[in-house]
Amino acid sequence: MFLKNISYIYKVFPPHFAPRDLLIGISIGFFSVYAARWSSKMHTKNTRFGEEYGSSRWGTYKDIKPFIDPDPFYNIILSQTERLSMSARMPKFNLNRNKHVIVYGGSGSGKTYGFVKPNLYQLHSSYVLTDPKGTLLPETGNLFEKKGYNIYVLDTIDMKNSMHYNPFAYIKQSKDILTLANVLYTNLKPPDAGTPPDPFFDQAALLWLQATIGYLWYEAPPEEQNIPTLLEILEADDVREDDETYQNAVDMLFEELEKKNPKHFAVKQRKKYKKAAGKTAKSILISVGSYLSPFDIPEVAELVSYDELRFDTYGNAGQKSILYVIISDTDTTYNFIPAILFTQMFNVLCYIADKELGGKLKTPVQFILDEFANIGKIPGFKILIATIRSRLISVVMMLQTQSQLKDNYKDAAETITGNCDTSIFLGGQEKSTLKDLEEMLGKETIDLWNNSETYSQSRSTGVNYNKTGRELKNMSELGMMDRDKCIVRISGLPPFYSDKYDTTKHPNYKYTADYDERNTFDFAKYLRKKKVKESVNIQFHKNDQYKVVI
């Protein structure tokens, strides 16, 4: 039946060729295809739907999960919900990521209680920490004694109760002489001491320090390799303005050394310094004496006369250590001592990692530096913070504001913060800190609704819908942020708006004085026990050696 119908149609309407109709059909088809492609192209443009004004958002557990170590004690605690593994080898998310953290928080924001303490309780590293009020030692020392840590204390407030620190004990190679001279001069020279028009003055002072430190390290017996001996040499290095040929006792020492070894490091530096005329040389020595005058105080001289800190062992395997550096948060007079200490520690630990341990420390060393702006200036710190990561050394810097870092390190401040993969904001009111944080958080795209009502002869209403951009948190909101909240930023991840860590929930909290006053640590008692134990060991070895000889 169907075929009969088709035959009938062909008989009534036979097919024929119509050029005009064919042209019209082709044209319509062409424009239809073009319109379809144009419409498709328009819809595939990079419109970033929903992100037109910004793509910032708050991070979630899914974002932070790859960064958390399965071992809960092998993490840096950033907040109640965020952690960062200490492991150098994790999936691609964490490979080669540095563990440097910079923490901003105004007074009373919980830097010590809510961040420093819980991270100390983790016990995953050897620790070097500043203790601005001297409270961390009695509050946490009991935990470290129970866990078998070696405990060391450098107290710049009450030096009679401090262990001794001799910078000369950590000179490993010639360049360490230059480092020690530089850090001494940088931190002891008053910041408001005017710069002479001739830079030769500062260079000559450094040359004197280099020559004298070099002489002591190469030529003096170990018991004389210290800063008090350096001051004795300074006192004996007299200059007579009216007699250029006059030789003092120090000149004779160097002359004798030159006869034995004309290419000696100390001799070369001394000859460069001696190019200064008599009057200029005297001015240089007076300035050096003025800068080194804090070491004339008997307590300071005693503190640096010999060494008990042994920080070249902190990265060794099998034995963890903690060093409490007690500094005043109101008086910066002696804060040059921690600056010298930290400079040497970074260099010595890197040297040991490279030359003795195959490039990495066996035990990670974490510096937790509260009141970082008040510990003096560490020369070359912007280079150190970029390189120590690979040696399993990490730094946590605690600051009240960003401007504090800029005051000490000027243009290098941005390089230092740029080498910290993680930053935490605990709260504060300083405008530049809030402004920078607002910009770093970025903007998100939000929906904007406008309701309108018009009254005339008849009432009419309308709703207008569009999109706009808004800061994730603006300066005002950051300034009014709840004190129980913090903002964590990790490079490559969205920021996290989280609760601060509840220190009382940490498993090791029960060993601290915050939990029970009976856990208060008595360092003097600990030191007496340690010295008795060491003397017994020494006597044991002596007796053992005597038996072998017999």
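The values are calculated or read from the model by the stated rules, or taken from the named source; none is laboratory data. Given the structure is predicted, the values throughout are model-derived calculations rather than measurements. Methodologically, a virtual Cβ is constructed for each residue, glycine included, from the backbone with ideal geometry; neighbour enumeration extends over all protein chains shown.
Out of all the residues in segment 504-527, which are farther than 25 Å from residue 155 by Cβ and assigned to a helix (DSSP H, G or I)?
Correct list: 504, 505, 507, 509, 510.
Which is surrounded by 23 or more Cβ atoms within 10 Å (Cβ to Cβ) and part of a loop (DSSP other than H, G, I, E, B), of 127, 165?
165
Can you tell me which of (1) at pLDDT 80 or above; (2) farther than 30 Å from residue 471 by Cβ; (3) exposed (fewer than 12 other Cβ atoms within 10 Å of the Cβ) is the one residue 74 doesn't meet?
(3)
Pick out the one residue from 447, 482 that is surrounded by fewer than 16 Cβ atoms within 10 Å (Cβ to Cβ) and part of a strand (DSSP E or B). Lay out the reasoning, then the answer.
Values: 482 fails: part of a strand (DSSP E or B).
Matching residue, one of 447, 482: 447.
Taking interchain pairs and intrachain pairs at least six residues apart, which have beta carbon atoms under 8 angstrom, with the first residue in segment 363-384 and assigned to a loop (DSSP other than H, G, I, E, B) and the second surrounded by 21 or more Cβ atoms within 10 Å (Cβ to Cβ) and of a type in the set (Asp, Glu)?
370/131
Under 9 Å between Cβ atoms, at least 6 apart or on separate chains: pull out the pairs that start in segment 114-134 with a residue that is farther than 19 Å from residue 349 by Cβ and end on any residue that is part of a helix (DSSP H, G or I) and among the charged types (D, E, K, R).
Taking only residues 6 or more apart or on different chains, the pairs are 117/139; 118/505.
Please verify whether segment 288-296 includes one or more residues that are part of a loop (DSSP other than H, G, I, E, B) and either free of Cβ contacts under 8 Å to residues at least 40 places away in the same chain or of a type in the set (D, E, K, R) (or both). Write out each step before concluding.
Step one: of segment 288-296, the residues part of a loop (DSSP other than H, G, I, E, B) are 292.
Add one more test, that the residue is either free of Cβ contacts under 8 Å to residues at least 40 places away in the same chain or of a type in the set (D, E, K, R) (or both), and what stays is none.
No.
Under the condition of being farther than 14 Å from residue 284 by Cβ and small (Gly, Ala, Ser), which residue from segment 185-220 is modelled with the lowest pLDDT?
Only one residue tops the list, namely 194.
Might you let me know whether segment 396-405 holds any residue that is exposed (fewer than 14 other Cβ atoms within 10 Å of the Cβ) and modelled with pLDDT under 90?
no
Which residues, counting only those in segment 168-184, are among the β-branched types (Val, Ile, Thr) and either part of a helix (DSSP H, G or I) or at pLDDT below 90 (or both)?
Those that are among the β-branched types (Val, Ile, Thr) and either part of a helix (DSSP H, G or I) or at pLDDT below 90 (or both): 177, 179, 183.
Report yes if residue 209 is farther than 21 Å from residue 299 by Cα, surrounded by 20 or more Cβ atoms within 10 Å (Cβ to Cβ), more than 27 Å from the chain's Cα centre (by Cα) and touching a residue at least 24 places away in the same chain (Cβ under 8 Å), otherwise no.
So residue 209 fits the description; yes.
Give the residue, chosen from 434, 441, that is in contact with an Asp or Glu (Cβ under 8 Å, 6 or more places away or on another chain) and either closer than 22 Å to residue 82 by Cα or touching a residue at least 40 places away in the same chain (Cβ under 8 Å) (or both).
Just one listed residue meets the conditions, 441.
So is residue 414 more than 30 Å from residue 315 (Cβ to Cβ) and at pLDDT below 90 or not?
It is false that residue 414 is more than 30 Å from residue 315 (Cβ to Cβ) and at pLDDT below 90.
Just checking, which of 349, 309, 361, 323 is buried (at least 20 other Cβ atoms within 10 Å of the Cβ), within 27 Å of residue 217 (Cα to Cα) and out of contact with any helix residue (DSSP H, G or I) (no Cβ under 7 Å at 6 or more places or on another chain)?
Sole residue among the options that is buried (at least 20 other Cβ atoms within 10 Å of the Cβ), within 27 Å of residue 217 (Cα to Cα) and out of contact with any helix residue (DSSP H, G or I) (no Cβ under 7 Å at 6 or more places or on another chain): 309.
Which members of segment 405-418 meet the condition of being outside any loop (DSSP other than H, G, I, E, B) and either out of contact with any helix residue (DSSP H, G or I) (no Cβ under 6 Å at 6 or more places or on another chain) or within 27 Å of residue 364 (Cβ to Cβ) (or both)?
Of everything in segment 405-418, those that are outside any loop (DSSP other than H, G, I, E, B) and either out of contact with any helix residue (DSSP H, G or I) (no Cβ under 6 Å at 6 or more places or on another chain) or within 27 Å of residue 364 (Cβ to Cβ) (or both) turn out to be 405, 407, 408, 409, 412, 413, 414, 415, 416, 417, 418.
How many residues does segment 104-124 hold that are farther than 17 Å from residue 506 by Cα and either at pLDDT 95 or above or assigned to a loop (DSSP other than H, G, I, E, B) (or both)?
Selection size over segment 104-124: 5.
Kindly provide the set of residues from segment 279-304 that are exposed (fewer than 14 other Cβ atoms within 10 Å of the Cβ) and either more than 30 Å from residue 160 (Cα to Cα) or of a type in the set (A, V, I, L, M, F, W, C) (or both), ordered by number.
Matches in segment 279-304: 279, 286, 297.
Need the failing condition index for residue 160 against (1) over 30 Å from residue 268 (Cα atoms); (2) basic (Lys, Arg); (3) assigned to a loop (DSSP other than H, G, I, E, B), just the number.
Condition not satisfied by residue 160: (3).
Taking the criterion of being over 39 Å from the mean Cα position of the chain (by Cα) and over 30 Å from residue 353 (Cβ atoms), would at least one residue in segment 282-291 satisfy it? So that I can check it myself, show each step before the final result.
So in segment 282-291, the residues over 39 Å from the mean Cα position of the chain (by Cα) come out as 282.
Going one step further and asking which of them are over 30 Å from residue 353 (Cβ atoms), we end up with 282.
Checked against the condition, which is being over 39 Å from the mean Cα position of the chain (by Cα) and over 30 Å from residue 353 (Cβ atoms), segment 282-291 yields at least one hit.
Condition check: buried (at least 19 other Cβ atoms within 10 Å of the Cβ) and touching a helix residue (DSSP H, G or I) at 6+ places or on another chain (Cβ under 9 Å). Does residue 376 satisfy that? Working first, answer last.
Values: buried (at least 19 other Cβ atoms within 10 Å of the Cβ): yes; touching a helix residue (DSSP H, G or I) at 6+ places or on another chain (Cβ under 9 Å): yes.
So residue 376 fits the description; yes.
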